[in-house]
Amino acid sequence: MERDQILNVIKAYVSKMPPLPATVSKILEICNDPQTSPVDLNHVISLDPVLMGKVMRLINSAYYSLPNQITSLVRAVIMLGINTVKNLALSTAVLGTFGKAKDFQALNMDGYWRHSISVGVTAKLLAARRKIDPKLHEEYFIAGLLHDIGKIPLNNKLAKEYVTAISHTDREHTPLYISEEKMMMVNHAEVGKLIIENWSLGDNLIDVVYYHHNINDYTGSYRELLLTVALANLFSNTYELGFSGDRYPERLPDEVFKELGVEWEYLEGIEDTVNAELEKAQVFLKIVS
């Protein structure tokens, strides 16, 4: 197939994706308002018994390891924080659409999500190290979680071609996005951008998803977030935390390490921490799926 044909197949797939549930859209809208309070969220969540159940399961899960069970939704929202609740709702919608085994023809589903969680966890740890406002840490996690979302439509709708692209990566020792372009004339960053735009998830996630393999061309407003996720992705691929099909990732320019104030030795030193957080985050994934 020609590039235009492939893009049409992917665009048709994305256009047929179900919209975000009304509750999730309302939560995203509320959370974008600086004046939002836990009471506002409580009102919306209480109208969605499924999401309410997931909020309560999360606050009382091993992910938080609280000594006493929380039974009040308002208290749960306060303790989790507005951004965590927002990301719980968003993750629920994403996995509701893409969390099925049939969506993973060329990639292993568990390996893919483990890699995605690893990037999210590592990005969050890097944000904490850089003393980013704690209220924004969950934004780093969700950006890491979704950075490779474009791989799912590719290996669902074009499974044969995607197997060829992964084989090319292994044979030629090239980054997967380059093999995708060579074998399929489109890469997962382009496809991921279509999904994020279709769901109106915000310019920050659009930029991270689209530019995480092309940081040198980026001139937007979310450079810190983009570089952090790109570095977390390199670390997770290098240490094979999960499997994204990308065994030979490109090394990032030295300027990235300088700009973020992070050395590779630091990343090597947090591998055990990432693995421990990864196991805790698996609980999060089970709850939202």
Restricting attention to region 104-147, the residues that are aliphatic (A, V, I, L, M) and farther than 17 Å from Glu277 by Cβ number exactly 5
Give me the pairs, please: first residue somewhere in region 83-99 and free of Cβ contacts under 8 Å to residues at least 60 places away in the same chain and of a type in the set (Phe, Trp, Tyr), second residue anywhere and surrounded by fewer than 21 Cβ atoms within 10 Å (Cβ to Cβ) and assigned to a helix (DSSP H, G or I), beta-carbon distance under 9 Å, and either six or more positions apart or on two chains. Phe98/Asn156
Could we say that Gly245 is buried (at least 16 other Cβ atoms within 10 Å of the Cβ) and of a type in the set (Gly, Ala, Ser) here? yes
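Here's the yes/no breakdown for (1) modelled with pLDDT under 95; (2) of a type in the set (A, V, I, L, M, F, W, C); (3) within 26 Å of Phe104 (Cα to Cα); (4) surrounded by fewer than 13 Cβ atoms within 10 Å (Cβ to Cβ):
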site: Gly220; (1), (2), (3), (4): no, no, no, no
site: Val229; (1), (2), (3), (4): no, yes, yes, no
site: Ser236; (1), (2), (3), (4): no, no, yes, no
site: Glu250; (1), (2), (3), (4): yes, no, yes, no
site: Thr273; (1), (2), (3), (4): yes, no, no, yes
site: Glu277; (1), (2), (3), (4): yes, no, yes, no
Could you tell me whether region 100-112 includes any residue that is free of Cβ contacts under 8 Å to residues at least 12 places away in the same chain and over 30 Å from Ser244 (Cβ atoms)? no
Which of the numbered conditions does Ile132 fail, given that it passes all the others? Conditions: (1) among the aliphatic types (A, V, I, L, M); (2) at pLDDT 85 or above; (3) part of a helix (DSSP H, G or I). (3)
Considering only region 96-104, I want to know if a residue exists there that is hydrophobic (A, V, I, L, M, F, W, C), touching a Pro at 6+ places or on another chain (Cβ under 6 Å) and over 22 Å from Asp133 (Cβ atoms). no
Residue ID - nearest to Met17 (Cα to Cα), chosen from residues in region 169-196 that are under 17 Å from the mean Cα position of the chain (by Cα) and aliphatic (A, V, I, L, M): Ile195
Flagged in region 14-49 as aliphatic (A, V, I, L, M), over 22 Å from the mean Cα position of the chain (by Cα) and surrounded by fewer than 19 Cβ atoms within 10 Å (Cβ to Cβ), in numbering order, are Val39, Leu47
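The values are calculated or read from the model by the stated rules, or taken from the named source; none is laboratory data. All figures in this text were calculated on a predicted structure; none of them were measured in a lab. Reconstructed Cβ throughout: ideal geometry from the backbone, glycine too, with neighbour counts over all protein chains shown.
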